[in-house]
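Below you'll find the structure, written out as structure tokens, and then a few comments.
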Amino acid sequence: MSQEQQYRGRSPQQLKANKKRQRQLDWEDTRRPAWVAWLSGLCLIAMGLGVIAMSTSDLTSKPPNINGDQLGPFDGTPAQYREHAREQLDQMTGDEPRWALVSPDPEHPWDSKGVIDLVQGLDMRVSTLYFGATAQAVLPEPAVGRTRADVINQTVGRMARGAQTEPDKLRIDGVLVHATPEQLRELAQRAYAVEPADPEAVYGRIGIRPMGAR
């Protein structure tokens, strides 16, 4: 009988099952889904904690404010505000520069020339112009190659183009400056009201209400 005939004539053999190896394979099949479920649970917990933290954060529930710093006529008449601002000037101590809101007579708001005349000769930071209740413009000074008058005129011109009007028709209801007490007292002789903030007040975190927002 040939070798091929002998091979065909053999009865089939069955290998003994390796139970240990089968258990190992079963464990590997179940390990990944359990790990994924565990990680998903952690992610859900982290997301929940993040939502709770954001809902209780001052940065999301209200505008940022330091020590309640506010400048402008929030209450009372313009005359009462002027008196309040004068009292704040009288109470200033030290020589530290601080932020202050400079306001015109409510019946005679400034144009760009009025603001230029207001700050002429004073070596201080002129920061922001306020136009009514909602519009404002930050002045990019010091500006290389341009005078303060150039910066003010260009800023007012840009605001006028955005409002589709002429620059001389825009009315400026307030100017935010950063100046020493001595400079602020000089400004008070040129403006309707000058209200200083606390020396520790931080720009961008002061509530501002210009005269035209009444």
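Quick note: the coordinates plus some simple rules give every number you see, no bench work behind them. As the structure is a computational prediction, the values presented were derived from the model and not from experiment. Reconstructed Cβ throughout: ideal geometry from the backbone, glycine too, with neighbour counts over all protein chains shown.
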TODO: Scan around residue 193 for amide H atoms under 5 Å from its own, H built in the peptide plane at 1.01 Å from N, and keep only partners 5 or more places away or cross-chain.
DONE: 103
Task: Listed residues 197, 119, 84: farthest to the positive end of the dipole of segment 70-213 (Cβ charges) - done: 119
Open item on the list: Using amide H atoms built in the peptide plane, which far-off residues or other-chain residues are under 5 Å from residue 136 H to H?
Closed with: 131
- [ ] Would you kindly derive the ³J(HN,Hα) couplings of segment 84-91 from the backbone phi angles with the Karplus curve 6.51 cos²θ - 1.76 cosθ + 1.60 (θ = phi - 60°), listing them in order in whole Hz, with x for Gly and Pro?
- [x] 4, 4, 5, 5, 5, 5, 5, 8
Task: Residues whose placed amide H lies under 5 Å from that of residue 110, excluding near-sequence neighbours - done: 172
